[in-house]
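Enquirer: Once you've had a glance at the structure underneath, I'll fire off some questions.
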Amino acid sequence: MVKNPLVNETLLQMKYARVIVLLAKTLHISQERALDLFYTSDTYRYLSNLQFHLHNMGDAYLVDEIILEIQNRQ
């Protein structure tokens, strides 16, 4: 993970939580399943690497990216 002094780690963790909850609601799945999908996604990998700047994207955008990943795997 690339550290950036301008990014608050607590806010980034809160973003992860919001994305997971929104993913669960969107896909009508448990939060535990959404947690697994989130942390195994390429989107999470890019989001946690601050040089890709995905932390600047909205929660709904990130959920859409994860859903696209899931659809492309099938």
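The values are calculated or read from the model by the stated rules, or taken from the named source; none is laboratory data. Note that the structure is a prediction, hence the values are computed from the model and not measured. Don't worry about glycine lacking a Cβ; one is built from the backbone with ideal geometry, like all the others, and counts go over all protein chains shown. These area figures cover heavy atoms from the full protein model, side chains too; ligands, DNA and RNA do not enter into them. Shrake-Rupley method; radii C 1.70, N 1.55, O 1.52, S 1.80 Å.
Enquirer: Could you list all residues from segment 58-74 that are in a loop (DSSP other than H, G, I, E, B) and open to solvent by less than 90 Å² (accessible area, probe 1.4 Å)?
Expert: Applying the first criterion (in a loop (DSSP other than H, G, I, E, B)) to segment 58-74 yields 58, 74.
Gly58, the sole residue that qualifies.
Enquirer: Same structure, new question: How many of the residues making up segment 36-57 are open to solvent by 40 Å² or more (accessible area, probe 1.4 Å) and outside any helix (DSSP H, G or I)?
Expert: 3
Enquirer: Which residues, taken from segment 10-36, are touching a helix residue (DSSP H, G or I) at 6+ places or on another chain (Cβ under 7 Å) and modelled with pLDDT under 95?
Expert: Matches in segment 10-36: Leu12 only.
Enquirer: Which number in (1) part of a helix (DSSP H, G or I); (2) open to solvent by less than 60 Å² (accessible area, probe 1.4 Å); (3) of a type in the set (A, V, I, L, M) marks the one condition that Val7 misses?
Expert: Among (1) part of a helix (DSSP H, G or I); (2) open to solvent by less than 60 Å² (accessible area, probe 1.4 Å); (3) of a type in the set (A, V, I, L, M), the lone unmet condition for Val7 is (1).
Enquirer: I would also like to ask the following. Determine whether Val7 is among the aliphatic types (A, V, I, L, M) and within 9 Å of the chain's Cα centre (by Cα).
Expert: no
Enquirer: Identify, by number, the condition in (1) assigned to a helix (DSSP H, G or I); (2) open to solvent by less than 60 Å² (accessible area, probe 1.4 Å) that Ile29 doesn't meet.
Expert: All conditions are met except number (1).
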